[in-house]
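**Q** This structure is in structure tokens; I'll ask about it shortly.
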Amino acid sequence: MTFQKRAHKILELLEEFGEVDIRQLALAIGISEVTVRRDLANMATNGLLYRTHGGAMNVSHLIKPVSFANKAAVNFKAKDAICKKAAEDIVDGDVIFIDCGSTAFRLCQFIKNKKIKVITNSLPVVSELQNSAITINLIGGEVDPIRQAVHGTIATEHIARYHASKAFLGVDGITSDGLYAGSEHEASNTLAMASQSDQTYLLCDISKIGKTSYLKFDDLSLVDILVTDYNGSEITAFQSKGISVYSVTH
């Protein structure tokens, strides 16, 4: 059976089930699991499906911007004020990274008419910006359907190929001691984007300030600009580490 015929069968099964695993595909098509893995990799490269751990997902079943937007709506007034302020620094011609955080997602509404390039690992960001003036670069790699984001070794290798003027990132927590993430995947993407950018913006509402999390992944030297609705004592500590702080109200 040719690759084209196998790919057609794989797409039929994805259309029927939404998500399939490698063993299921091998049995249904009558080929080895090694061949299935190779076919899925080729098809993912061409944007025909999304690779998941152990299988693949139909693109149309994967992107769920409405459910993600509901998460982004938590503390939405603060997040909107933060993102509106951050968007003022984005000018035509910029190349920017946007990560998969729910705060960074709300940046989309303020940049749709800007003639810029956006590099992102966030599927909802792609969905939100796809019919705008923006050129979109979706980072490749393994999809996390819960986070609606692309992570993994291939993702960090993809990021390393590009250079951005600005990166707009989120964290699970920030204290005077450093930055915290909920997983190694999230930390690796944040570090990769920051290292490939001229300026790193951290978008944090008050709930993230002074909070620690599962993994401390870097110190405050990673951050150039903090945009936040927090105005307490930690601000002085951040500024003493060389961070410019944009304070917003809502």
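**Q** Return the residue satisfying two criteria in turn: it lies in the stretch 67-98 and is within 19 Å of residue 138 (Cα to Cα) and either among the small types (Gly, Ala, Ser) or at pLDDT below 85 (or both), and of such residues it is surrounded by the fewest Cβ atoms within 10 Å (Cβ to Cβ).
**A** That would be 93.
**Q** Output the residues belonging to the stretch 194-250 that are closer than 18 Å to residue 90 by Cβ and exposed (fewer than 14 other Cβ atoms within 10 Å of the Cβ).
**A** The answer is 198, 244.
**Q** Follow-up. Out of the stretch 22-54, which residues are surrounded by fewer than 16 Cβ atoms within 10 Å (Cβ to Cβ) and acidic (Asp, Glu)?
**A** 33
**Q** Inside the stretch 174-193, can you point out the residues that are open to solvent by less than 20 Å² (accessible area, probe 1.4 Å), assigned to a helix (DSSP H, G or I) and free of Cβ contacts under 8 Å to residues at least 40 places away in the same chain? Can you show your working first?
**A** Initially, the stretch 174-193 is screened for residues open to solvent by less than 20 Å² (accessible area, probe 1.4 Å), giving 174-175, 178-179, 181, 187, 189-190, 192-193.
From what is left, the residues that are assigned to a helix (DSSP H, G or I) are 187, 189-190, 192-193.
Result: 187, 192.
**Q** Something else now. Return the total of residues in the stretch 139-165 being open to solvent by 50 Å² or more (accessible area, probe 1.4 Å) and either part of a strand (DSSP E or B) or closer than 15 Å to residue 95 by Cβ (or both).
**A** Residues in the stretch 139-165 being open to solvent by 50 Å² or more (accessible area, probe 1.4 Å) and either part of a strand (DSSP E or B) or closer than 15 Å to residue 95 by Cβ (or both): 5 in total.
**Q** Within the stretch 113-126, can one find any residue that is assigned to a loop (DSSP other than H, G, I, E, B), under 15 Å from residue 201 (Cα atoms) and either touching a residue at least 60 places away in the same chain (Cβ under 8 Å) or of a type in the set (Asp, Glu) (or both)?
**A** Within the stretch 113-126, the first condition is being assigned to a loop (DSSP other than H, G, I, E, B), and the residues that meet it are 113-116, 121.
Then drop every residue that is not under 15 Å from residue 201 (Cα atoms), which leaves none.
The answer is no, given that none of the residues of the stretch 113-126 is assigned to a loop (DSSP other than H, G, I, E, B), under 15 Å from residue 201 (Cα atoms) and either touching a residue at least 60 places away in the same chain (Cβ under 8 Å) or of a type in the set (Asp, Glu) (or both).
**Q** Continuing with the same structure: Is there any pair with a first residue in the stretch 20-43 that is on the phi > 0 side of the Ramachandran plot and a second that is open to solvent by 70 Å² or more (accessible area, probe 1.4 Å) whose Cβ atoms are under 9 Å apart and which are 6 or more apart or on different chains, and what are they?
**A** 30/1
**Q** Report whether or not residue 212 is β-branched (Val, Ile, Thr), in contact (Cβ under 8 Å) with a residue 12 or more places away in the chain and either under 29 Å from residue 163 (Cβ atoms) or in a helix (DSSP H, G or I) (or both). Talk me through it step by step, then tell me what you get.
**A** Details: β-branched (Val, Ile, Thr): yes; in contact (Cβ under 8 Å) with a residue 12 or more places away in the chain: yes; either under 29 Å from residue 163 (Cβ atoms) or in a helix (DSSP H, G or I) (or both): no.
No.
**Q** Within the stretch 78-104, take every residue that is touching a residue at least 60 places away in the same chain (Cβ under 8 Å) and of a type in the set (Asp, Glu) and give me the one that is nearest to residue 163 (Cα to Cα).
**A** Per the stated criteria, the residue is 94.
The values are calculated or read from the model by the stated rules, or taken from the named source; none is laboratory data. Please read these numbers as outputs of a predicted model, since none were measured by experiment. For neighbour counting, all protein chains shown are included, and Cβ atoms are generated from backbone atoms with ideal geometry for every residue, glycine included. These accessible areas exclude ligands, DNA and RNA; they are computed on the full protein's heavy atoms, side chains included. Shrake-Rupley method; radii C 1.70, N 1.55, O 1.52, S 1.80 Å.
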